């Protein structure tokens with residue numbers, strides 16, 4: 001993880017330690033799936049489309065903002081599940097923001113290695129159990145990831161698990177992630193984005209790019225909702241991903 005030059009979307013950094021907590025009350029429930037604590041948001045039966053979204057959290061894990069986004073996918077008709085691959089050890093328990101040094105013993109790099117190692121092993125197991133427990137022959141799957149969760153979206157897109165995937169402000173992405181995927185919606189640094197687009201265009205991949213000016217890392221989850229523009233881009237990000245899923249899972 002020390003050789004960041006190999007990444008198109010670099011590993012999670014200090015920019016991930018910034019954001020605001022949104023107001024609201026997540027309405028989902030918790031279950032243990034493949035021995036991993038999982039937040040489950042169910043759609044209203046009258047709106048349910050029979051399909052499933054797999055949600056891969058950012059470094060803040062199961063926090064209010066993220067869970068409300070999970071609920072948003074459920075509101076759109078998708079049974080949505082979000083695993084806690086941080087095992088109740090999200091980064092906000094150690095660092096409230098990028099300036100917080102109240103815990104001088106916290107080693108952010110070691111924290112990333114620890115949880116990446118765990119997630120790399122358990123995400124495939126978790127996905128398999130979710131498919132077995134909740135899927136049926138006609139079920140279609142999509143997946144979405146934020147920051148830390150982006151590589152797991154690409155990993156599933158390289159298989160036959162999901163019909164479509166999306167991520168916002170990604171981390172830990174390499175060239176191969178783009179060479180192997182099929183469909184995606186994403187936003188990140190200009191030079192890296194250009195290279196990723198070149199890879200996908202050369203391989204004739206199907207993709208959609210959602211790009212906003214003047215936003216910071218974490219805009220799709222942790223923007224200041226008192227700022228009209230930040231609220232707008234956060235809502236547009238969710239809406240764009242939902243519409244992307246609606247299209248590809250209905251074809």
Matching residues, segment 117-141, being more than 18 Å from the chain's Cα centre (by Cα) and loosely packed, with under 11 Cβ neighbours inside 10 Å: 132, 136, 137, 138
Yes/no for residue 216 being surrounded by fewer than 23 Cβ atoms within 10 Å (Cβ to Cβ), in a loop (DSSP other than H, G, I, E, B) and modelled with pLDDT of 90 or more: no
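The rows are residues; the columns are (1) in a strand (DSSP E or B); (2) in contact (Cβ under 8 Å) with a residue 12 or more places away in the chain; (3) surrounded by 24 or more Cβ atoms within 10 Å (Cβ to Cβ).
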| site | (1), (2), (3) |
| --- | --- |
| 47 | no, yes, no |
| 50 | no, yes, no |
| 55 | yes, yes, yes |
| 60 | no, yes, yes |
| 68 | no, yes, no |
| 71 | no, yes, no |
| 74 | no, yes, no |
| 81 | yes, yes, yes |
| 88 | no, yes, no |
Could we say that residue 127 is in a loop (DSSP other than H, G, I, E, B) and either closer than 22 Å to residue 207 by Cβ or in contact with a strand residue (DSSP E or B) (Cβ under 9 Å, 6 or more places away or on another chain) (or both) here? no
Helices (runs of 4 or more DSSP H) wholly in segment 149-212 with at least 1 residues that are over 17 Å from residue 58 (Cβ atoms) and at pLDDT 75 or above - which ones? 150-157, 190-202
If the requirement is being modelled with pLDDT of 95 or more, more than 19 Å from residue 123 (Cβ to Cβ) and touching a helix residue (DSSP H, G or I) at 6+ places or on another chain (Cβ under 7 Å), which of these qualifies: 48, 34, 82, 76? 76
Which residue pairs have Cβ atoms under 6 Å apart, sit 6 or more places apart or on different chains, and have a first residue in segment 108-125 that is within 15 Å of residue 57 (Cα to Cα) and a second that is part of a helix (DSSP H, G or I)? 123/152
Inter-residue pairs, beta-carbon under 7 Å, first free of Cβ contacts under 8 Å to residues at least 40 places away in the same chain and at positive phi and in segment 130-155, second surrounded by fewer than 24 Cβ atoms within 10 Å (Cβ to Cβ) and not in a helix (DSSP H, G or I), 6+ apart: none
Which of (1) over 21 Å from residue 244 (Cβ atoms); (2) out of contact with any helix residue (DSSP H, G or I) (no Cβ under 7 Å at 6 or more places or on another chain); (3) surrounded by fewer than 20 Cβ atoms within 10 Å (Cβ to Cβ); (4) modelled with pLDDT of 85 or more does residue 111 not meet, given it meets every other one? (2)
Take the residues in segment 219-239 that are in a helix (DSSP H, G or I) and touching a residue at least 60 places away in the same chain (Cβ under 8 Å), then tell me which one is surrounded by the fewest Cβ atoms within 10 Å (Cβ to Cβ). 238
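The values are calculated or read from the model by the stated rules, or taken from the named source; none is laboratory data. Since the structure is predicted, the reported quantities are computational estimates derived from the model, not experimental observations. We place every Cβ from the backbone using ideal geometry, glycine too, and count neighbours over all the protein chains shown.
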